[in-house]
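Only the coordinates and a few stated rules stand behind these numbers; no lab work does. What you are looking at is a predicted structure, and each value in this text was computed from that prediction instead of being measured. So basically every Cβ, Gly included, is an ideal-geometry build from the backbone, and we count neighbours across all protein chains shown.
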Amino acid sequence: MSEVAGCAQVRLGSPVGRAVITAAVLGSGMTLLDGTVVNVALRTIGRDLDASLAQLQWITNGYLLSLASLILLGGSLGDRFGRRRVFVIGTVWFAVASLACGLAPTPVVLIVARVLQGVGAALLTPGSLAMIQGTFHRDDRAQAIGSWSGLGSIAAALGPFVGGGLVQYASWRWIFLINLPVAVVAVVVAQRRVPDTRDPEAPDEFDVTGALLATLALGGTTYALIEWGGPVAPWAAVLAALAGLGFWWVERTSRHPMLELGIFADRNFSAANAMTLLVYAALGAVLFFLVLQLQTVGGYGPLRAGIATLPITLCMLFLAARGGALAARIGPRLPMTVGPLVMAGGTLLLLRAGPGVNYWTDVLPGLTVFGLGLALMVAPLTATVLASAPDEHAGIASGVNNAVARSGSLLAVAALPVAVGLSGAEYADPVAFDAAYRSAAMVCAALLAFGGALSWVTIRNPSGRG
């Protein structure tokens, strides 16, 4: 397909429109799948590779760290060189790193491979959404984003299900190797059917210093949280603080910043990203703790623990696009308020999951309520973020929101185990883990409730809606 600058006029029901959605969902779906699929396999990986709790956290957080740190740079590269082109490069990179993950012989090698996997995700993730924003007709974007978020979130929700089956009946290594054929299909569809879009005013220079400082800030914070109490943790916290200040200064003074701070002047953009941080912190922590709770305390096997999360998948499959359509009619404020509050209620219901857990009464109701809230919130949140930024900054806007979401999950998974008193090999101790799970669930419910309240106070509907 040829390259176009700015916004094309592709319609949702056209063959090209379907191809754009397909490629975007396949690519971003891989990254979302790998963000959740590993949780089901953590106990098996820990046993197979003799990994500690800190190493298991890094297997999860190493991926999130590089993804969150570099996703803004990935958005900038897409705006400059073509969103489809960078998307394809990131997809290939992700597939090669997935192969390295699948062949890793030690925890350290797996952690390094996961970091590299996150680099590929940082290239393809903003490109997947920016392709939609840059190619679809304005009248079709909200529905296209709803379809993308719904189908992509299904991949995230399918992670525990697919991962459980692979871990139980094959090997945990296949949760990474399965990405290879998916990547091939995504690249073929993108190369043959998707037009390339870019920002004609994007600068030739790139903010490598900003990317490095962002990585140091997030990496130092993550290390300090995971290794809290160790001799190096205070120094890591100091490094993170200095790097964070340096990042702000560089972005403020650079001629070509990785993050254009001016986009935060829009109230909806800033509010939506603040809510994203809270909600995705809770989302990442709930998935991390629940799957381990069902295995460690409830006695579930990997497959059964994965199947347990199926209600979230079904809610996203049938209702996410409807959530986007509803927000298009009444405005995003109400869905972005009610969605997190419903998710908080579902999280509290999941407190029933404990020793002797009964799936139908202790797990299914909570996950169903949680999934309903998620389906109501996801598409309006994404559409609000993109609608608050100019079309030429679609890549940066998408990158900011993705970075915030991944940072929320990263920090929650790093901080909550320490905050609730879980350390060492206690992730395999049913009594210790059960107590930690209950404390973590309460924290997550509070974060979700606060996110809903924040949306009600700060989000403004477009004129004439709501």
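Per 10 Å bin, what is the whole-percent P(r) computed from every C-alpha pair distance within region 207-257? Spelled out per bin, shortest first, that is 31, 43, 20, 6, 0.
The shape of region 220-301 can be summarised by an equivalent ellipsoid whose semi-axes, obtained from the alpha carbon gyration tensor, come to 33, 22, 8 Å from longest to shortest. For T197, the residues 5 or more places off, or on other chains, whose built amide H falls under 5 Å of its own are V4, R83, R84.
In this Cβ point-charge picture (+1 for Lys and Arg, -1 for Asp and Glu), the chain has a dipole of about 960 debye about its Cα centre.
With the helix formula -39500 (n - 2.57) applied to DSSP H stretches of n ≥ 4, the chain reaches a computed 222 nm mean residue ellipticity of -27000 deg cm²/dmol.
Give me the number: length gained by fully extending W248 to S14, i.e. 0.36 nm times residue separation minus the C-alpha to C-alpha distance, one decimal in nm.
On the way: separation 234, 0.36 × 234 = 84.24 nm, distance 4.28 nm.
Residue separation times 0.36 nm, minus the Cα-Cα distance, leaves 80.0 nm.
Sorting R267, R83 from the fewest to the most surrounding beta carbons within 10 angstrom yields R267, R83.
Give, in nm to one decimal, the length gained when the segment between R322 and A170 is fully stretched (0.36 nm per residue of separation minus the Cα-Cα distance).
Values: separation 152, 0.36 × 152 = 54.72 nm, distance 3.67 nm.
Once the chain is fully extended between R322 and A170, it gains 51.1 nm.
Neighbour counting of Cβ atoms within 10 Å sorts the residues I307, I21, I71, fewest neighbours leading, into I307, I21, I71. Other residues whose C-beta falls under 15 angstrom from the C-beta of T91 contribute a net charge of +3, scoring Lys and Arg +1 and Asp and Glu -1.
Remark: spin-label model distance D139-I330 equals 2.5 nm, labels positioned 7 Å along the Cα→Cβ axis.
When a/c reaches 1.5 or more, the comparison of a/b and b/c decides; with that in mind, is the chain rounded, prolate or oblate per its Cα gyration tensor?
Numbers: a/c = 1.41, a/b = 1.30, b/c = 1.09.
Note, shape of the chain comes out rounded.
Positive end of the dipole of the chain (Cβ unit charges, origin at the Cα centre): among A233, W148, S455, the Cα lying farthest that way belongs to W148. Taking other C-beta atoms within 10 angstrom as a stand-in for reagent exposure, D140, D434 fall in the order D434, D140, fewest first.
Ranking L287, P311, W248 by Cα position along the charge dipole of the chain, where only Lys, Arg, Asp and Glu carry charges on their C-beta atoms, puts P311 farthest toward the positive end.
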